[in-house]
Amino acid sequence: MGQYELAQKDFEHARSGNGNAQTAYDLGAAAYMRQDYDKAVVLFTEALTIDAGMAQAYNNRGVASYALGQYDKAGADFSAAAKLAGPNGAASLFNRALAYQAQNEFDRAMADYDKVVAMDPTNAAALNNKADILITLRRYDEAAMVLDTAVRLSPNDADLYYNRALAREKLGHYPQAMEDYDRAARLRSNFAQTYRNRGVLRLRLQMTRDGCGDLALACQLGLCGHLEKARNFGLCQ
């Protein structure tokens, strides 16, 4: 019998007595780690039935519901967790923002990311996610400014440079976009999307040899579509 099954037996034994919220919670966490998200929801619900004030159980049930694509349920649980956690609820607000973002409720998501940053000014991930939304909304100037702040907070995060490059490229700021793609590639040598986008930009700027080289690197990492198109147009061999 495996560790999870033994733990399940222990839980059933505990539940047959007075019940133990922490036991149910721990088993829910174990089920989540096994990617058994439905079971995790059941177990976190069991924990909350025993202890309705368990903020982390609300949060983690929300995480499991999010993994199941049940974003409304996830958002409701993140709201409950954030309310219970009060000034320590930044993580639940961040998660609620993700749930809103997954449903294209962009204004609500950005409002939550702003709350997270107000509670934790060093949270570069919240800034990056807000910038993702701004890029989706084609608000490239705002996205670039948000990412300027994020880069100052986390100067070794390749994703920040990549996203800022996207915004700068859309603004026509090609030299600055190129610099950001370069930084992203230096920080993460297997960043296929960076090579692809830098390759396309180099082709646009008539840097054919370097552009084709980037597209070849992207293809080696699994992104071959743009290289095939460039070959079809006779740009790359």
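All of the numbers you see were taken from the coordinates with simple rules; none came from a lab. Bear in mind that the values here come from a model prediction, so they are computed numbers and not experimental data. So basically every Cβ, Gly included, is an ideal-geometry build from the backbone, and we count neighbours across all protein chains shown.
Numbers for the structure displayed
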quantity: Matching helices (runs of 4 or more DSSP H) fully within region 60-154 where at least 2 residues are within 29 Å of LEU27 (Cβ to Cβ) and out of contact with any Phe, Trp or Tyr (no Cβ under 7 Å at 6 or more places or on another chain); calculated: 71-85, 90-102
quantity: Qualifying positions in region 28-42 - without any contact (Cβ under 8 Å) to a residue 24 or more places away in the chain and surrounded by 24 or more Cβ atoms within 10 Å (Cβ to Cβ); calculated: none
quantity: Search result, residues across region 43-59 that are crowded, with 20+ Cβ neighbours inside 10 Å and either in contact with a His (Cβ under 8 Å, 6 or more places away or on another chain) or not in a helix (DSSP H, G or I) (or both); calculated: MET54
quantity: Count - residues of region 107-128 that are under 11 Å from THR149 (Cβ atoms) and surrounded by 18 or more Cβ atoms within 10 Å (Cβ to Cβ); calculated: 6
quantity: All positions within region 203-227 that are surrounded by fewer than 14 Cβ atoms within 10 Å (Cβ to Cβ) and outside any helix (DSSP H, G or I); calculated: LEU205, GLN206, GLY222
quantity: Some residue of region 111-125 being touching a residue at least 24 places away in the same chain (Cβ under 8 Å), closer than 18 Å to ASP180 by Cα and among the aliphatic types (A, V, I, L, M); calculated: yes
quantity: Residues of region 155-168 classified as free of Cβ contacts under 8 Å to residues at least 12 places away in the same chain and either touching a Phe, Trp or Tyr at 6+ places or on another chain (Cβ under 7 Å) or of a type in the set (Ser, Thr, Tyr) (or both), total; calculated: 0
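Residues checked against (1) crowded, with 22+ Cβ neighbours inside 10 Å; (2) among the aromatic types (Phe, Trp, Tyr); (3) in a helix (DSSP H, G or I):
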{"site": "PRO175", "(1), (2), (3)": "no, no, yes"}
{"site": "GLU179", "(1), (2), (3)": "no, no, yes"}
{"site": "SER189", "(1), (2), (3)": "no, no, no"}
{"site": "TYR195", "(1), (2), (3)": "yes, yes, yes"}
{"site": "ARG198", "(1), (2), (3)": "yes, no, yes"}
{"site": "LEU201", "(1), (2), (3)": "no, no, yes"}
{"site": "LYS229", "(1), (2), (3)": "no, no, yes"}
{"site": "LEU235", "(1), (2), (3)": "no, no, no"}
